[in-house]
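Inspection log for the structure reproduced underneath, given as structure tokens.
The values are calculated or read from the model by the stated rules, or taken from the named source; none is laboratory data. Not measured: the values here are computed from a predicted model. Cβ: placed from backbone, ideal geometry, glycine included. Neighbour counts: every protein chain shown.
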Amino acid sequence: MALNLKDYVASYPNFPEPGVTFRDISPLLEDGEAYRQATDEIVNYAKGKNVDMIVGPEARGFIVGCPVAYELGIGFAPARKKGKLPGKTVKATYGLEYGQSSLYLHEDAIKPGQRVLVTDDLLATGGTIEATIELVKDLGGIVVGTAFIVELMDLKGRDKIKDYDILSLIKYN
């Protein structure tokens, strides 16, 4: 019988600031059966997309994407923050509430024409995923889908990536 994955997400009202409810997937990751179910659901989605490579942004995108890549027997490319990747990289900048940040990908991480699934733990405003998608496209990859454990619908991140197929295992309004 399938678990209700929402039962494995902790909610912390007024964190990190008043009026915000933080959705924490730590309990899901700590429970082997729940983590396996979430991973398997994303694996099945990826199989239907004929994925060649997984890309996930630092750091929780690694937690989601790596077991999916392992199960599919394909590679995983990390999108990292400044100063974390040696060698030649490509860069995408995205807006934050106060300022900007950037993500980097090795310039040879994605081969032209590779079918890529972008994964992360959470879709909120969509800026991080939009930047990750930009990196994949800059390298000639084809983003065939995005996958998240949690989506915060009220933050409308879906609007930024509306041209891509989106799998969200758990949705909050």
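Kindly evaluate residue 41 against the criterion of being exposed (fewer than 13 other Cβ atoms within 10 Å of the Cβ), outside any loop (DSSP other than H, G, I, E, B) and among the charged types (D, E, K, R). Against the criterion (exposed (fewer than 13 other Cβ atoms within 10 Å of the Cβ), outside any loop (DSSP other than H, G, I, E, B) and among the charged types (D, E, K, R)), residue 41 does not qualify.
Only residues that are free of Cβ contacts under 8 Å to residues at least 12 places away in the same chain and not in a loop (DSSP other than H, G, I, E, B) were counted in segment 8-20, giving 1.
Yes or no, residue by residue, for (1) aromatic (Phe, Trp, Tyr); (2) under 15 Å from the mean Cα position of the chain (by Cα); (3) within 25 Å of residue 26 (Cβ to Cβ):
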site: 114; (1), (2), (3): no, no, no
site: 129; (1), (2), (3): no, yes, yes
site: 149; (1), (2), (3): no, yes, yes
site: 157; (1), (2), (3): no, yes, yes
site: 160; (1), (2), (3): no, yes, no
site: 164; (1), (2), (3): yes, yes, no
site: 168; (1), (2), (3): no, yes, yes
site: 172; (1), (2), (3): yes, no, yes
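Restricting attention to segment 120-136, the residues that are touching a strand residue (DSSP E or B) at 6+ places or on another chain (Cβ under 7 Å) and without any contact (Cβ under 8 Å) to a residue 40 or more places away in the chain total 4.
May I ask you to verify whether residue 10 is closer than 25 Å to residue 141 by Cβ, surrounded by 11 or more Cβ atoms within 10 Å (Cβ to Cβ) and modelled with pLDDT of 95 or more? No, not satisfied. Right, residue 63: surrounded by 13 or more Cβ atoms within 10 Å (Cβ to Cβ), touching a Phe, Trp or Tyr at 6+ places or on another chain (Cβ under 7 Å) and either aliphatic (A, V, I, L, M) or within 20 Å of residue 163 (Cα to Cα) (or both) or not? Answer is no for this residue.
Scanning segment 68-77 for any residue that is touching a helix residue (DSSP H, G or I) at 6+ places or on another chain (Cβ under 7 Å), closer than 24 Å to residue 9 by Cα, among the hydrophobic types (A, V, I, L, M, F, W, C) and buried (at least 18 other Cβ atoms within 10 Å of the Cβ) turns up at least one such residue. Just checking, how many residues over segment 131-168 are surrounded by fewer than 19 Cβ atoms within 10 Å (Cβ to Cβ) and under 19 Å from residue 63 (Cα atoms)? So the answer is 2. Criterion first (within 27 Å of residue 40 (Cβ to Cβ) and of a type in the set (Val, Ile, Thr)) does residue 93 satisfy it? Against the criterion (within 27 Å of residue 40 (Cβ to Cβ) and of a type in the set (Val, Ile, Thr)), residue 93 does not qualify.
For segment 22-32: of the residues being under 14 Å from residue 172 (Cα atoms) and touching a residue at least 24 places away in the same chain (Cβ under 8 Å), which is surrounded by the most Cβ atoms within 10 Å (Cβ to Cβ)? Applying the filter and picking the extreme gives 25. Among residues of segment 146-173 that are farther than 16 Å from residue 22 by Cα, none has a beta-carbon under 7 Å from a residue that is modelled with pLDDT under 95 and loosely packed, with under 15 Cβ neighbours inside 10 Å at least six positions away or on a different chain.
Scanning segment 46-60 for residues that are assigned to a helix (DSSP H, G or I), surrounded by fewer than 19 Cβ atoms within 10 Å (Cβ to Cβ) and touching a residue at least 24 places away in the same chain (Cβ under 8 Å) yields 47, 49, 60.
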